[in-house]
Amino acid sequence: MTQDSPVDTGDNLDTVIAGLGLVARRQYKLHRLAVSDPGHRFDDLFNLVAHPEFLYEAWVRVAGNKGSRSAGVDGVTAQQIEQRIGTWKYLDQIRTELKQGSYRPQPVKQRLIPKPGSLKKRRLGIPTVRDRIVQASLKLVLEPIFEADFKPGSYGFRPNRSTHDAIAEMQMFATQGYRWVLEGDIEACFDRIDHTALMGRVRSRIKDKRVCGLVKAFLKAGILNELGNQENTTSGTPQGGILSPLLANIALTVLDEAFTIDWQQGQAMSTPYKRKCRRKTGLGNWRIIRYADDFVVLCDTNAEQCEQARQTATKVLAPMGLTLSPTKTLVTHMTNGFDFLGFHIQWKRKRGSNKWNMYTHPSQRAIKAVKQKIHDLTRRSSQANLENTLIRLNQILKGWAYYFRYGCSYPTFRHLQRYVWNRIINWQRRLHKWNWRQVRRWLTSPNRHWKPISAGNTVLWDPTKTGIKRYRYRGNKIPNPFNLPEPKPI
């Protein structure tokens, strides 16, 4: 039954959370109530958003992020606030504005950044530090509530979940016969979300008008483009804002609900026996796996079932102001392979046997992107210091290899190692006008063994040394930070 009651902000909590900080205690209470009553609407949340402890926790997260060095339209960074005003004095000013109702978000500063693997550019919004703090505080309050409503197949921008969890779930369902794939692509998702529909979903859980007003104010704050002109925001949640990923997940939950309703208890796909009967009768089953605005729908029958899934997705996204890209939304069989979250995923026969498995490799697009970064750092005309270049190359190679180590990536790592080695050698030969004999003298030891490329105390990192691992599917065992364990019996 739906209840509209205020949140108790007292300290009378269970002993299991007695040792936690105030923010964690409130989040635990909010999440516990949201889980126990799916129809509950929360009131009196504004006092938590403006609470000194919540604002300070928000400040810690904003100032600790590398984006704190970027200023919004006011030209002020987090470091300048600490030096000129002081943290607590600044937070007290924000709290006073919130309490008095005089707080108004400023427009976000827009920057166009290249979209990886495309000539198009993505719009990035940079809010002021002041607005980032309030957004972070809002997120601390709203996330525990809406986390109770998010579905297990949603992995993007959620605590303790990653792209590898989404790939692992896909691998698990592929082994169970789900090999037809609808590759979903939502056109300009963050730019086109309908504000009215989004606020309707927010209000289904939040009764506090002041909190809803804050969320709406951030949506309507406007954009200051690169030419210095201010634009109104009639739709969308600007990428770059702390609150934007959470709001996008709230909007896209309509997609998860449409494809998981039949998996709920008592419904058509709720048990293995029911799913087996549907498969035998040709009705088939489906499962959605979503990471933010990237999603796939896995089907176990035929291509027609994927087309039905496309129609369903189109229908449920329309009220949110979103549409599927007709050219990028494709129906594929896993034997043909497809790209998802940087990986190329394909169902194929294991070499030397009759067993079939789902294999994941780095996609060609991901390989091309990392090689372009290496190419830009090792141009033959570059006059950069070799040690500094090696430090940056090691950062790129380690980050890329650690992401793709959960897959059949060793051949790619070997190719990448050879590529970066050749790029550096050709760069140094051109720079120093060396012949091959001089290169050998540089890179071989007295016993004529090859040495790794190094400069100063920095050695070029070898991606083939990365251990290839199997990422285990965690399913419902993914820990929820707002779901604390019960105390052990004495």
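Which trypsin sites (Lys or Arg not before Pro) in region 116-172 pass both tests, a DSSP loop state and at most 13 other beta-carbon atoms within 10 Å? Show your work: numbers first, answer last.
On the way: sites: Lys120, Lys121, Arg122, Arg123, Arg130, Arg132, Lys139, Arg161; in loops: Lys120, Arg161.
Taking region 116-172 and a limit of 13 other Cβ atoms within 10 Å, the loop trypsin sites (Lys or Arg not before Pro) found are Lys120.
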Per residue value of the accessible surface for the chain (all protein chains in place, 1.4 Å probe), Å²: 52 Å²
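Which value at 222 nm does the chain reach when only helices count, each DSSP H run of 4 or more adding -39,500 (n - 2.57), with the total divided by all residues and rounded to the nearest 500 deg cm²/dmol?
Helices in the chain give a 222 nm mean residue ellipticity of -13500 deg cm²/dmol.
In region 352-490, carbon and sulfur make up what percent of the accessible area (probe 1.4 Å)? Don't jump to the answer; show the numbers that get you there.
Details: 4580 of 9340 Å².
Percent of accessible area from carbon and sulfur atoms in region 352-490: 49.
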Taking the Cα centre as origin and putting +1 on Lys and Arg beta-carbons and -1 on Asp and Glu beta-carbons, what dipole magnitude results for region 207-320, to the nearest 20 debye? 600 debye
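Which of the residue pairs Lys433/Lys465; Lys121/Lys469; Lys216/Lys315 have a Cα-Cα distance greater than 28 Å in the structure shown? The partial results should precede the final answer.
On the way: Lys433/Lys465 31 Å; Lys121/Lys469 34 Å; Lys216/Lys315 25 Å.
Long pairs (Cα-Cα over 28 Å): Lys433/Lys465; Lys121/Lys469.
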Net charge of neighbours whose Cβ lies under 15 Å from the Cβ of Arg418, counting Lys and Arg as +1 and Asp and Glu as -1: +3
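Kindly give the semi-axes, whole Å and largest first, of the ellipsoid equivalent to the chain, taking each as the square root of 5 times a Cα gyration tensor eigenvalue.
Working: eigenvalues 341, 230, 101 Å².
Taking √(5λ) for each eigenvalue gives 41, 34, 23 Å, largest first.
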When the charge dipole of the chain is computed with +1 at the Cβ of Lys and Arg and -1 at the Cβ of Asp and Glu, the Cα pointing farthest to the positive end, of Gln100, Ser409, Gln135, is that of Ser409
Trypsin sites (Lys or Arg not before Pro), restricted to region 49-85: which are DSSP loop and have at most 16 other Cβ atoms within 10 Å? none
Mean 1/r over all different Cα pairs, inverted: what Kirkwood radius does region 132-234 give, in Å? 16.9 Å
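Suppose every K and R has +1 on its Cβ and every D and E has -1 on its Cβ; what is the size of the dipole of the chain about the Cα centre, in Debye to the nearest 20? Let's see the in-between values first.
On the way: 79 positive and 40 negative charges, 648 e Å.
That gives the chain a dipole magnitude of about 3120 debye.
Beyond 29 Å between alpha-carbons counts as too far, so tell me which of Lys348/Lys371; Lys328/Lys373; Lys66/Lys368 fall in that bin.
none
So what's the net charge close to Gly407: Lys and Arg +1, Asp and Glu -1, counting the other residues with Cβ under 11 Å from its Cβ?
Numbers: positive: Arg405, Lys469, Arg470; negative: none.
With Lys, Arg at +1 and Asp, Glu at -1, the neighbours total +3.
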Please name whichever of Ala384, Cys299, Gln346 sits farthest to the positive end of the charge dipole of the chain, dipole taken about the Cα centre and charges placed at Cβ: Lys and Arg +1, Asp and Glu -1. Ala384
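The values are calculated or read from the model by the stated rules, or taken from the named source; none is laboratory data. Owing to the predicted nature of the structure, the values given are computational and were not obtained by experimental measurement. When we count neighbours, we look across all protein chains shown, and the Cβ atoms used for this are built from the backbone with ideal geometry, even at glycine. Just the protein is used for accessible areas: all its heavy atoms, side chains included, with ligands, DNA and RNA removed. Shrake-Rupley method; radii C 1.70, N 1.55, O 1.52, S 1.80 Å.
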